[in-house]
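Working notes, beginning with the structure itself.
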């Protein structure tokens, strides 16, 4: 062996050793969790629910930083370009991670190319609800009416490419029924028009819809879960109503830039697994209409891959774009 070869080998070993020490020491400074929405929404609240536990488990502050805009893509692109050192993380949901790159037709990032999944955090199912004056009591009756009068019924959507919108597109695809989608700028105006009887139905988060349903101001037809939900125990699942393949949720999950060391991903995933089993955390998520449920990086990767394969054709075939 030459002296040059030995010197190079020693240098490489030294660098590897330093990297290993750095990974073992992580975190040794505050960690940022970038949220793609303004403060106060469910994704932001979910991030703030887990940060105290992460700080307690890992010994450094975890700071929530809100970067809204472009369907969440401003935050996504910011994290995708960050150093893969474990100090900048992405608190993502379906929209920013899977839908927005297709809807905005921007190749700023892709979930499997630019991010390293860490763990799922929560899953929020939806409920299909109609105005009380609509002469339907079941999903089957709604579908029958929509087929009898194609395009006549109106479905309120809080925005093009939201989970609420895509689940409606999925239901049309599964059943062959057709209706007209009315796009709104957010949940509030969509809810206002449904409550006012100006549109016929919508998909909404259960925590938002539940009070109106219990007051009789809206009628629930089905939930997008595998089993009935405690918040609306009398409302059947789509499967119970005779319609398969309608399980769907808005998820939140934590990701890091691609190339983040696996040891750091594992530390975060293990910490989250403990946090999301705490009774008070479970209760807080339930109050949001969500189920707290962590996962390994591998499990979360498989979940994202399945979601990508499911929703991409729907977005493309429905020609959904940002306006």
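Over its Cα atoms, what ratio of radius of gyration to 2.2 N^0.38 Å does the stretch 93-233 give?
Values: Rg = 16.0 Å, N = 141, 2.2 N^0.38 = 14.4 Å.
Scaled against compact globular proteins, the figure is 1.11.
For the stretch 198-310, the convex hull drawn through the C-alpha positions has a volume of 138 cubic angstrom per residue. Working note: 222 nm ellipticity from helices only, DSSP H runs with n ≥ 4, each -39,500 (n - 2.57), summed and divided by the residues of the chain, gives -13500 deg cm²/dmol to the nearest 500. With R₀ set to 25 Å, the beta-carbon distance separating residue 277 from residue 226 gives a calculated FRET efficiency near 0.80. Here the extension length gained between residue 247 and residue 312 equals 21.8 nm, from 0.36 nm per residue of separation less the Cα-Cα distance. Remark on the chain: ratio of C-alpha radius of gyration to 2.2 N^0.38 Å is 1.12.
In whole Å and largest first, what semi-axes does the C-alpha gyration tensor of the stretch 86-164 yield when each eigenvalue is scaled by 5 and square-rooted?
Details: eigenvalues 265, 49, 18 Å².
Output for the stretch 86-164: semi-axes of 36, 16, 9 Å.
Of all the C-alpha pairs in the stretch 26-177, what % are more than 19 Å from each other? I get 61 percent for the Cα pairs in the stretch 26-177 exceeding 19 Å.
Taking every DSSP beta bridge that has both residues in the stretch 125-241, what percent is antiparallel when rounded to the nearest 5?
Values: 9 of 16 bridges.
Of those bridges, close to 55 percent are antiparallel.
What FRET efficiency do you get for residue 321 and residue 112 if R0 is 25 Å and r is their Cβ-Cβ distance, rounded to the nearest 0.05? Before the final figure, lay out each step's value.
Values: r = 22 Å, r/R0 = 0.89.
Calculated value: 0.65.
Sorting the segments 114-125, 138-149 by their mean number of nearby beta carbons within 10 angstrom, highest to lowest, gives 114-125, 138-149.
Label zone of residue 83 (point 7 Å out along Cα→Cβ, amide N under 18 Å): in the stretch 29-65 this covers 29-34, 60-63.
Scaling against 2.2 N^0.38 Å puts the C-alpha radius of gyration of the stretch 46-85 at 1.37.
No value in this document is a laboratory result; all are computed from the given coordinates. These numbers come from a predicted model, not from an experiment. Neighbour counts run over all protein chains shown; Cβ positions are idealised from the backbone, glycine included.
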